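A.B. asks: My questions all concern the structure below.
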Amino acid sequence: MTFRASIITLYPEMFPGPLGMSLAGNALERGDCSIETCHLREFGTGKHRNVDDTPAGGGAGMVLKPDVLANAIDSVSGAADNRPRLLMSPRGKPLTQTMVREFSQGEGLVIVCGRFEGVDERVIGARNLTEISIGDYILSGGEPAALVLLDAVIRLLPGVMGNDQSGTHESFENGLLEHPHYTRPQIWEEREIPPVLTSGNHGAIEKWQREQSERLTAERRPDLAEKIPGSDPRAREIIPALPVTNLGQGVDFYRERLGFECIYRDEGGYAVMRWQAVELHLWLANDESWRERQKGVPVQSGAESFIAGTHSCRIMVSGVEALWEKYRNTDMIHPKGHLEKKPWGSTEFAILDPWGNLITFHEWL
């Protein structure tokens, strides 16, 4: 069975483009797959074969007309056509390797390449289009995205890759990023191939490769690492929880003085504050032991007294110098917390809240 792709586009000359070379080009020559284009302009209306119109409700740009696009889709995909119908769109479902593999096991695809401001929503529902995105960015049209999708699919068709195992050890196939690769020479610019890879111990090699894949995935794509069934627990972040003796005043201080937003508060004395990507929890300190500790060794700072180091947190920011200028003349600054470059490579300053909690804002140099 030949995999058949039908592309609806205003620029049919963009296909096969790079798909005419390398693995995809060989597959096209052998007849493992075919790519046919449908020129959307041929279904335009009026003297100038218009395919778009102004958006209802106003706004910038133009919108592809539903009748024009529907007629184009119907011309290449009838009622008996079981191929998925895709619309390349930045608001679509993210394209994944799992989706690519599923597409490669089917009869083919019908792909609509969006243009202008978008596509009339009615035709998306009426012609059962699934919106697909290749990333969180905007292209001038859906054609480059369609080329990316087809390249990913065609290479997985039977016989396209010389070694059928080649596609099973790549990034995303097992939920992990692929491990590092090496080849001869053994030593290059004083950098050596890891000895385990030349040991001949296949069990040790597989273990090393798995460990490297897990490490890279955890470092670069923690969102993928979380989805691996049976994977080891992984730390994501530390969220500081600071004591206050009056929760209402605490919420007001962090909201009005530091720009936090209160996203949760309960009657039991707990609040969750958020400032951009930073989350901070406040808890009502109402036990006598904590109150006694607070009376220990006061340090005056313009805020209320506190025991140095009892509770503290560090917030990594960008633009720490601008933040310092904002707060430097307030009563919140720690007496020894002025802006300073530290030996360990950060620039930072510290403030105290009214309950003596030490908060350090820092930026790596």
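The values are calculated or read from the model by the stated rules, or taken from the named source; none is laboratory data. Keep in mind that what you see is a predicted model, and the values were worked out from it rather than measured. Every residue, glycine as well, gets a Cβ built from its backbone with ideal geometry; the counts of neighbours run over all protein chains shown.
A.B. asks: Take the residues in the stretch 334-360 that are among the aromatic types (Phe, Trp, Tyr) and at pLDDT below 95; name whichever of them is surrounded by the fewest Cβ atoms within 10 Å (Cβ to Cβ).
C.D. replies: Kept after step one, since they are among the aromatic types (Phe, Trp, Tyr), are these residues of the stretch 334-360: 344, 349, 355.
Still in the running and at pLDDT below 95: 344, 355.
Values: Trp344: 9, Trp355: 22.
Here the residue is Trp344.
A.B. asks: Which of the numbered conditions does Val63 fail, given that it passes all the others? Conditions: (1) within 29 Å of Gly46 (Cβ to Cβ); (2) outside the structural domain of Met14 (by TED's automatic domain parsing).
C.D. replies: (2)
A.B. asks: Any residue in the stretch 253-274 that is modelled with pLDDT under 90, closer than 22 Å to Ala350 by Cβ and either of a type in the set (S, T, N, Q) or in contact with a Lys or Arg (Cβ under 7 Å, 6 or more places away or on another chain) (or both)?
C.D. replies: no
A.B. asks: Those residues that are surrounded by 13 or more Cβ atoms within 10 Å (Cβ to Cβ) and acidic (Asp, Glu), I need them from the stretch 176-198; list them, please.
C.D. replies: The answer is Glu178, and nothing else.
A.B. asks: Do you know which residues across the stretch 68-112 are without any contact (Cβ under 8 Å) to a residue 60 or more places away in the chain and part of a strand (DSSP E or B)?
C.D. replies: Arg85, Leu87, Ser89, Pro90, Arg91, Gly92, Lys93, Pro94
A.B. asks: Moving on to the next point. Report the residue count in the stretch 34-53 for those that are on the phi < 0 side of the Ramachandran plot, outside any helix (DSSP H, G or I) and out of contact with any Lys or Arg (no Cβ under 7 Å at 6 or more places or on another chain). Talk me through it step by step, then tell me what you get.
C.D. replies: Looking only at the stretch 34-53, we keep the residues that are on the phi < 0 side of the Ramachandran plot, and these are 34-45, 47-48, 50-53.
In the following step, the residues that additionally are outside any helix (DSSP H, G or I) were identified as 34-39, 44-45, 47-48, 50-53.
Those left that are additionally out of contact with any Lys or Arg (no Cβ under 7 Å at 6 or more places or on another chain): 35-39, 44-45, 47-48, 50.
Looking only at that region, the number is 10.
A.B. asks: Among (1) over 21 Å from Leu19 (Cβ atoms); (2) modelled with pLDDT of 95 or more, which single condition is Ile134 missing?
C.D. replies: (1)
A.B. asks: So, in the stretch 67-83, of the ones that are over 15 Å from Arg41 (Cβ atoms) and buried (at least 17 other Cβ atoms within 10 Å of the Cβ), which residue ends up nearest to the chain's Cα centre (by Cα)?
C.D. replies: Across the stretch 67-83, the extreme among qualifying residues is Arg83.
A.B. asks: In this structure, does Asp53 turn out to be out of contact with any strand residue (DSSP E or B) (no Cβ under 7 Å at 6 or more places or on another chain), surrounded by 12 or more Cβ atoms within 10 Å (Cβ to Cβ) and among the charged types (D, E, K, R)? Can you show your working first?
C.D. replies: On the way: out of contact with any strand residue (DSSP E or B) (no Cβ under 7 Å at 6 or more places or on another chain): no; surrounded by 12 or more Cβ atoms within 10 Å (Cβ to Cβ): yes; among the charged types (D, E, K, R): yes.
Spelling it out, it is not the case that Asp53 is out of contact with any strand residue (DSSP E or B) (no Cβ under 7 Å at 6 or more places or on another chain), surrounded by 12 or more Cβ atoms within 10 Å (Cβ to Cβ) and among the charged types (D, E, K, R).
A.B. asks: Search the stretch 102-122 for residues being at pLDDT 95 or above and in contact with an Asp or Glu (Cβ under 8 Å, 6 or more places away or on another chain), and hand back the single one that is surrounded by the most Cβ atoms within 10 Å (Cβ to Cβ).
C.D. replies: Taking the candidates together, the pick is Cys113.
A.B. asks: Moving to a separate point now. Quick one: count up the residues across the stretch 123-132 that are assigned to a strand (DSSP E or B) and surrounded by 16 or more Cβ atoms within 10 Å (Cβ to Cβ). Can you show your working first?
C.D. replies: Step one: of the stretch 123-132, the residues assigned to a strand (DSSP E or B) are 130-132.
Of the ones still in play, those that are also surrounded by 16 or more Cβ atoms within 10 Å (Cβ to Cβ) are 131-132.
The number of residues fulfilling the criteria is 2.
A.B. asks: Return yes when Leu28 is in the same structural domain as Gly108 (by TED's automatic domain parsing), surrounded by fewer than 20 Cβ atoms within 10 Å (Cβ to Cβ) and modelled with pLDDT of 95 or more and no when it is not. Walk me through it before giving the result.
C.D. replies: Details: in the same structural domain as Gly108 (by TED's automatic domain parsing): yes; surrounded by fewer than 20 Cβ atoms within 10 Å (Cβ to Cβ): yes; modelled with pLDDT of 95 or more: yes.
Against the criterion (in the same structural domain as Gly108 (by TED's automatic domain parsing), surrounded by fewer than 20 Cβ atoms within 10 Å (Cβ to Cβ) and modelled with pLDDT of 95 or more), Leu28 qualifies.
A.B. asks: A further question follows. Just to be sure, is Leu23 part of a helix (DSSP H, G or I), within 31 Å of the chain's Cα centre (by Cα) and over 14 Å from Glu143 (Cβ atoms)? It would help to see each step written out before you state the result.
C.D. replies: Working: part of a helix (DSSP H, G or I): yes; within 31 Å of the chain's Cα centre (by Cα): yes; over 14 Å from Glu143 (Cβ atoms): yes.
In short, yes.
A.B. asks: Of a type outside the set (A, V, I, L, M), modelled with pLDDT under 85, exposed (fewer than 15 other Cβ atoms within 10 Å of the Cβ) and on the phi > 0 side of the Ramachandran plot - does that describe any residue in the stretch 310-333?
C.D. replies: Filtering the stretch 310-333 for residues of a type outside the set (A, V, I, L, M) gives 310-314, 318-319, 321, 324-331.
Of the ones still in play, those that are also modelled with pLDDT under 85 are 310.
Right, trim to exposed (fewer than 15 other Cβ atoms within 10 Å of the Cβ) and you get none.
No; the residues of the stretch 310-333 include none that is of a type outside the set (A, V, I, L, M), modelled with pLDDT under 85, exposed (fewer than 15 other Cβ atoms within 10 Å of the Cβ) and on the phi > 0 side of the Ramachandran plot.
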